[in-house]
Amino acid sequence: EAGVAQSPRYKIIEKRQSVAFWCNPISGHATLYWYQQILGQGPKLLIQFQNNGVVDDSQLPKDRFSAERLKGVDSTLKIQPAKLEDSAVYLCASSSVGQTYNEQFFGPGTRLTVL
Amino acid sequence: AQSVTQLDSQVPVFEEAPVELRCNYSSSVSVYLFWYVQYPNQGLQLLLKYLSGSTLVKGINGFEAEFNKSQTSFHLRKPSVHISDTAEYFCAVRTYSSASKIIFGSGTRLSIRP
């Protein structure tokens, strides 16, 4: 079974530029998550989708961050314009639904450096 | 709201020595507890989880953790570590609600010395 795929793995941009990350979840997983992991900290949930609907985006900085999952499968996360403090690893995860606990499976992440 | 505290940001140990990584949590409701491992340049992998039942939980790679409700702790242990255990370890908590999010601690970097 293929895992969660993310691209690119690394991205370097200058502040005020735009950037987009892509995630393809495990086949059949209805729930998709985007996390931000700043160096020295644990991952923080930015947005959670179930199919193509948003379940939780309470910690997404909506003035500059946006995410979509149009067909309920893969997803893109965009930052426009980027700030220095956006330098982090962006992790995508997916899980199935319907059980008391549904394990989240993580992709390898995209390391963003904003100069 | 829930929170997780990992008091040790770094833990150096010698190979084949035992190790304990500490985790304390705060929550007004019952929670699920997790330990994740992150190897360099990789995503997170679930080591073990406590959902209910026995307070001693065994995970992959020889790790185990014990849930202590009175001390609100979920410490991770391994009796004998290997070089391959070098990684960052994250404790995490989630409430029983299926829609609740996972709250991660700040991580403990385990470095193994030969």
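The numbers here are math on the coordinates, done by the rules we state, and not lab data. Note that the coordinates shown come from a computational prediction; the quantities given were computed from them, not determined experimentally. Cβ placement follows ideal geometry from the backbone for every residue including glycine, while neighbour counts extend to all protein chains displayed.
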Original post:
Can you list the lysines whose alpha carbon is less than 24 Å from that of residue A:44, not counting same-chain residues fewer than 8 positions off?
Top reply: A:11, A:15, A:62, A:78, A:83, B:49, B:101
Original post:
Per the Debye formula with a single identical scatterer at each Cα and no solvent contribution, what log10 I(q)/I(0) holds for region B:40-97 at q = 0.13, 0.20 Å⁻¹?
Top reply: -0.38, -0.85
Subject >> Residue range of chain B that is longest and free of GluC sites (Glu not before Pro) which are both DSSP loop and sparsely packed (at most 15 other C-beta within 10 Å) >> reply: B:17-114
Original post:
Share of Cα-Cα pairs in region B:75-114 beyond 10 Å, in percent?
Top reply: 75 percent
Original post:
What order do you get for A:35, A:90, B:96, B:32 when you list them from fewest to most C-beta neighbours inside 10 Å?
Top reply: B:96, B:32, A:90, A:35
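Which of A:22, A:34 comes first, and how do the rest follow, when ranked by fewest Cβ neighbours within 10 Å? Don't skip to the answer; put the middle values down first.
On the way: A:22 14, A:34 25.
By the 10 Å Cβ count, ascending: A:22, A:34.
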Subject >> Share of Cα-Cα pairs in chain A lying beyond 20 Å, as whole percent >> reply: 36 percent
Original post:
How are the Cα pair distances of region A:1-50 distributed, in percent, across 5 Å bins from 0?
Top reply: 4, 15, 20, 26, 21, 9, 4, 1
**OP:** Partner chain Cβ atoms within 10 Å, averaged over the residues of B:35-44 - can you pull that number for me?
**Re:** 5
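From Cα pairs below 8 angstrom and at least 6 apart in sequence, can you work out the relative contact order of chain B, rounded to a whole percent? Don't jump to the answer; show the numbers that get you there.
Working: 280 pairs, mean separation 42.3, N = 114.
This gives 37 percent for chain B.
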Original post:
Label residue B:69 and residue B:54 with points 7 Å out from Cα along Cα→Cβ: what is the distance between them in nm?
Top reply: 1.8 nm
**OP:** Please work out the Cα convex hull volume for the protein assembly as shown and give it in Å³ per residue.
**Re:** 127 Å³
Original post:
For chain A, modelled as a Gaussian network with Cα springs under 10 Å, which listed residue fluctuates most, A:20, A:67, A:88?
Top reply: A:20
Original post:
Once both labels are modelled 7 Å past Cα along the beta-carbon direction, what's the residue A:41-residue A:103 spacing in nm?
Top reply: 2.8 nm
Subject >> Cβ crowding within 10 Å averaged over residues, with B:70-77, A:10-17 ranked highest first >> reply: B:70-77, A:10-17
Subject >> Calculated FRET value between residue B:29 and residue A:9, using beta carbons and R₀ = 41 Å, to 0.05 >> reply: 0.60
**OP:** Quick one: which residues, 5 or more positions from residue B:31 or on another chain, have an amide H under 5 Å from its amide H? H modelled 1.01 Å from N in the peptide plane, none for Pro or chain starts.
**Re:** none
**OP:** Among A:64, A:69, rank each residue by its count of other Cβ atoms within 10 Å, from fewest to most, as a rough exposure measure.
**Re:** A:64, A:69
Subject >> Whole-number D in µm²/s for chain B (Stokes-Einstein; Kirkwood sum over Cα pairs; 10 °C, 1.306 mPa s) >> reply: 112 µm²/s
Original post:
Taking a point 7 angstrom from the Cα of residue A:68 along the C-beta vector, which residues in region A:17-59 have backbone N less than 19 Å away?
Top reply: A:18-25, A:32-34, A:47-57
